[in-house]
């Protein structure tokens, strides 16, 4: 390695890390990325991207199953699980190589190894890099950004074994299609895998400790999702926990315990495979935090609004820090952090109320801002608009008449407080409201906006109109 001194070193080459590195290079900072495994991080290699490839295969297979509804004849339709997985891995590989190209293009030095803080003072932070247990470099930088990400959470007594009890990694590269599957946790990760495996024919059971599936979503959207999943044949247990997993030779027996009104009621069910999807923990181990002023709260590094930790010159972004744990949040955090380091004028802290969240199950779910309940809890008087997919010409033409677009406004100011959707392609539609919130758009401006016909986006317009008793097509 030609150089060992940099303006900025980023530990971790995931979405937050590599985007921060590119922005730093654009601002003239001599920058290095230290990555121990894959450029692109979990998102690109084992998360967002490959799961979307899997879900796309399942979506096409689902359409084939209903070809007659579109006037088409298809016989003998089947799937090749190995080829589905191979396509998913190929997509990740292509994008991984793309990230490498982008970093090289921007003259960012990429160091293959495990980075660990090694002391130093403000203006001269030190980092040691190891590979296969051997030190390969001692680096120095004015600033270091920690972007080491997170991993799947293990519950005591319910740990994944990689064979019969899976995390997202094993679930992404199955060697067999399980006939029966238990998914523990109904957040985005759990529900996406439940949707994928159910579409390909597995008998899927979902257990959620809270009182509804997709619990961070608006309650009305969660209820519609629950109904849709059960219609597809999923078995869903809310307000329940998995208290034990007994691993057999080729199956797992789960003890499912109900809470609430049915508290104490237990049942034992046997499944071919189990997917644990019960959250994440930050990768804070073995990165040199011991003896530093970096504070860790429940496995996540504590930062201020700019990404600064308690240790001068050490910053942190992405899944390593606070929620929401989303790739696009990490990217924006990285840019904000770098611009603050570089002294760019007019930098603004990240407003998490403007971050969309998407779940790519069937039907898709997307949201931004406050739910109706949260808005009321915060003291807002609200106006709520709704528009169903069955009132939209494009949705009917697509053969996708099930879904809802819901908007929440402050009744006094007209501020768009939140938007919540379920239905086909809502993960693409939600950004319209994302732009609206960033521009601090009011209901009047949204009502005056012209939406093209025929499109699914018209439902966004109609939902706004409905909040003010002006809906046209329903």
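The values are calculated or read from the model by the stated rules, or taken from the named source; none is laboratory data. Since the model is a prediction, treat every value here as computed from it, not as a measurement. Because the Cβ atoms are built from the backbone with ideal geometry, glycine has one as well, and the counts that use them run over all protein chains shown.
Take the residues in the range 260-281 that are in a loop (DSSP other than H, G, I, E, B) and closer than 30 Å to residue 147 by Cβ, then tell me which one is modelled with the lowest pLDDT.
Step by step, filter the range 260-281, then rank; the result is 279.
Residues satisfying the criterion are absent from the range 204-214 (criterion: loosely packed, with under 15 Cβ neighbours inside 10 Å and in a strand (DSSP E or B)). Checking each residue in the range 117-157 for being at pLDDT 95 or above and not in a strand (DSSP E or B) picks out 147, 148, 149.
Only one of these is surrounded by fewer than 21 Cβ atoms within 10 Å (Cβ to Cβ) and either under 23 Å from the mean Cα position of the chain (by Cα) or closer than 20 Å to residue 224 by Cβ (or both): 438, 442. Name it. Answer to the selection: 438.
None of 349, 323 is assigned to a loop (DSSP other than H, G, I, E, B), at pLDDT 95 or above and either surrounded by fewer than 20 Cβ atoms within 10 Å (Cβ to Cβ) or not assigned by TED's automatic domain parsing to the domain that holds residue 191 (or both) except 349. For the range 254-263, the criterion of being touching a residue at least 24 places away in the same chain (Cβ under 8 Å), touching a strand residue (DSSP E or B) at 6+ places or on another chain (Cβ under 7 Å) and within 27 Å of residue 369 (Cα to Cα) is met by no residue. The set of residues in the range 29-38 that are over 15 Å from residue 91 (Cβ atoms) and either in contact (Cβ under 8 Å) with a residue 60 or more places away in the chain or touching a helix residue (DSSP H, G or I) at 6+ places or on another chain (Cβ under 6 Å) (or both) comprises 29, 31, 32, 33, 34, 35, 36.
Given the condition outside any loop (DSSP other than H, G, I, E, B) and assigned by TED's automatic domain parsing to the domain that holds residue 10, answer yes or no: does some residue in the range 286-298 qualify? Looking for residues that are outside any loop (DSSP other than H, G, I, E, B) and assigned by TED's automatic domain parsing to the domain that holds residue 10, one finds at least one in the range 286-298, hence yes. When 284, 338 are screened for being modelled with pLDDT of 95 or more and surrounded by fewer than 21 Cβ atoms within 10 Å (Cβ to Cβ), only 284 passes.
What about residue 278, is it in contact with a helix residue (DSSP H, G or I) (Cβ under 9 Å, 6 or more places away or on another chain), closer than 25 Å to residue 325 by Cβ and crowded, with 17+ Cβ neighbours inside 10 Å? Yes: the conditions hold for residue 278. Do the conditions hold for residue 90, that is, is it in contact with a strand residue (DSSP E or B) (Cβ under 8 Å, 6 or more places away or on another chain) and not assigned by TED's automatic domain parsing to the domain that holds residue 197? Judged against the criteria, residue 90 is not a match.
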